[in-house]
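**Student:** I'd like to ask some things about the structure below.
Just so it is clear, none of the values below were taken in a lab; they were calculated from the coordinates. Given the structure is predicted, the values throughout are model-derived calculations rather than measurements. Reconstructed Cβ throughout: ideal geometry from the backbone, glycine too, with neighbour counts over all protein chains shown.
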2 protein chains.
Amino acid sequence: MRKLKITELNRISPEDFKKAEKIPLVVVLDNVRSLHNVGSVFRTSDAFLAEAVYLCGITATPPHAEIHKTALGAENSVNWKYFTTTLEAIQELRQQGYVLAAVEQAENSISLDELRLENKKYALILGNEVHGVAQEVMNLCDFCIEIPQFGTKHSLNVSVTAGIVIWESFKKLTNK
Amino acid sequence: MRKLKITELNRISPEDFKKAEKIPLVVVLDNVRSLHNVGSVFRTSDAFLAEAVYLCGITATPPHAEIHKTALGAENSVNWKYFTTTLEAIQELRQQGYVLAAVEQAENSISLDELRLENKKYALILGNEVHGVAQEVMNLCDFCIEIPQFGTKHSLNVSVTAGIVIWESFKKLTNK
């Protein structure tokens, strides 16, 4: 099995990315502390053509050398916007008709393997590394997606959580 | 939507993890440089009850403070084994009847959304951050899984790749 060369991957340019059709998905980071996680979410959002990343509260914004280390330039292709509070971000998304889905472990959450998405616009809200999505933000979401987990640790890394849920959303929004 | 407390998550102890039934999946790291990536793979393997993580070549091994930072103790629950070369790891897995799947971008790869797993034991081989899975390792694998990607960057972060592919494998091996 011959590995493909980078030139054979047919990736698009940042200019073509801006013009490309996106999936109707905004990724909202609610006070994510780690620059590594922010960079990784940009890289994943680039791969799956997410519409935008909304950076809220203490979440750092580009340009930043540490974000660039993991984003590797995806912070320039993917649209992003900063909000002082996550509540402002979700109020704006709500007004624009987005369905708000927290990614958390909560009562009445939907297990990711049972997630169904309709022909609507969605926002995925991912929380702080220690505290998760703030309860006041949870209270304003339409539903909660939970990744079923069976080991000893209470949660996955934020970058990994984002990767898994964006991938599942991408498949469902593009009917793969 | 009330968030669950850590005590409500019903996670198992490291002792119970050792005894728990695992999914027939070994995650092989082929010369992964970043300790953050190694730690994250442990944490994901813990969540989805992977059988073991095989650390090869320059891949660091526990105990290590930097691995612990992202593994958060999962390096103690998940079984692991070190091999000087990845070829030794895959030879041993082959002898034990594992089907070997590289996670790469290669000719004739299977797109992750079309992956089908049978009632067999699988090893997922993930490669170095810059060079990917070595071609000599690819040559000995049974098939290659590729995560379809549509943005500007040529690949996802190793931790994220591992998260997405282990999640899909978990679903398929447990019929979710």
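**Student:** Going 7 Å from Cα along the Cα-Cβ axis for the label, what nanometre distances separate A:Ser111 from the same residue across the other copies?
**Tutor:** Ordered by distance, the counterparts are at 2.8 nm.
**Student:** Taking θ = phi - 60°, what integer Hz values does the Karplus form 6.51 cos²θ - 1.76 cosθ + 1.60 yield along segment B:34-42, in sequence order, with x for Gly and Pro?
**Tutor:** Calculated HN-Hα couplings, in order: 7, 5, 4, 5, 4, x, 5, 5, 4 Hz.
**Student:** If a/c stays under 1.5 just call it rounded; otherwise compare a/b with b/c (prolate if a/b is bigger, oblate if not). Do that for segment B:126-173, with a ≥ b ≥ c from the square roots of the Cα gyration tensor eigenvalues.
**Tutor:** oblate
**Student:** Here's another thing I want to ask about it. Please turn the phi angles of segment A:106-120 into ³J(HN,Hα) values with the Karplus equation 6.51 cos²θ - 1.76 cosθ + 1.60 (θ = phi - 60°), one per residue in order, whole Hz, x for glycine and proline.
**Tutor:** Along segment A:106-120, the couplings run 8, 4, 6, 6, 9, 5, 3, 6, 10, 5, 10, 10, 9, 7, 9 Hz.
**Student:** Another question, if that's okay. Out of residues 5 or more away from B:Lys121 or on other chains, whose amide H comes under 5 Å of its own, with H placed 1.01 Å from N in the peptide plane?
**Tutor:** B:Val99
**Student:** Let me ask something additional. What is the set of long-range amide H partners of A:Ala106 at a cut-off below 5 Å, with H atoms built 1.01 Å from backbone N?
**Tutor:** For A:Ala106, whose amide H was placed from the backbone, the distant partners under 5 Å are B:Leu4.
**Student:** Note down the relative contact order for segment B:13-173 as a percent, whole number, built from C-alpha pairs under 8 angstrom at least six residues apart.
**Tutor:** 27 percent
**Student:** In sequence order, what are the phi-derived ³J(HN,Hα) couplings for segment A:11-17 according to the Karplus relation 6.51 cos²θ - 1.76 cosθ + 1.60 with θ = phi - 60°, rounded to whole Hz, with x for glycine and proline?
**Tutor:** Using θ = phi - 60°, the values come out as 6, 8, 7, x, 5, 5, 4 Hz.
**Student:** Which distances, shortest first and in nm, link B:Arg2 to the matching position in the other copies, using label points set 7 Å out along Cα to C-beta?
**Tutor:** For B:Arg2, the inter-copy label distances come out at 6.1 nm.
**Student:** Name the shape class, rounded, prolate or oblate, that the alpha-carbon gyration tensor gives for chain A, where a ≥ b ≥ c are the square roots of its eigenvalues, rounded holds for a/c under 1.5, and otherwise prolate holds if a/b is larger than b/c and oblate otherwise.
**Tutor:** rounded
**Student:** Counting only residues 5 or more places away or on other chains, whose amide H sits under 5 Å from the amide H of A:Trp80 once H atoms are built in the peptide plane?
**Tutor:** So A:Trp80 has HN proximity to A:Val53.
**Student:** From the label point of B:Ile58, set 7 Å from Cα along Cα→Cβ, how far away are the matching label points in the other copies, in nm, ordered shortest to longest?
**Tutor:** With the label placed 7 Å along Cα→Cβ, B:Ile58 yields 3.3 nm.
**Student:** Count the lysine pairs in segment A:19-173 whose Cα atoms lie under 29 Å apart, taking only pairs 8 or more positions apart in sequence or on different chains.
**Tutor:** For segment A:19-173, the number of qualifying lysine pairs is 25.
**Student:** Could you tell me how far the Cα centroid of segment A:9-28 sits from the Cα centroid of segment A:134-153, in Å?
**Tutor:** 27 Å
**Student:** At most 16 other Cβ atoms within 10 Å plus a DSSP loop assignment makes a site exposed; report the longest stretch of chain B without any exposed GluC sites (Glu not before Pro).
**Tutor:** B:22-106
**Student:** Also, I was wondering about something else. Evaluated at 20 °C with a viscosity of 1.002 mPa s, what Stokes-Einstein diffusion coefficient in µm²/s does the protein assembly as shown have when Rh comes from the Kirkwood expression over alpha-carbon pairs?
**Tutor:** 105 µm²/s
**Student:** Please label the shape of segment B:73-176 as rounded, prolate or oblate, based on the square roots a ≥ b ≥ c of the eigenvalues of the alpha-carbon gyration tensor (a/c under 1.5 means rounded; beyond that, a/b larger than b/c means prolate, else oblate).
**Tutor:** Because its axes are fairly even, with a/c under 1.5, segment B:73-176 counts as rounded.
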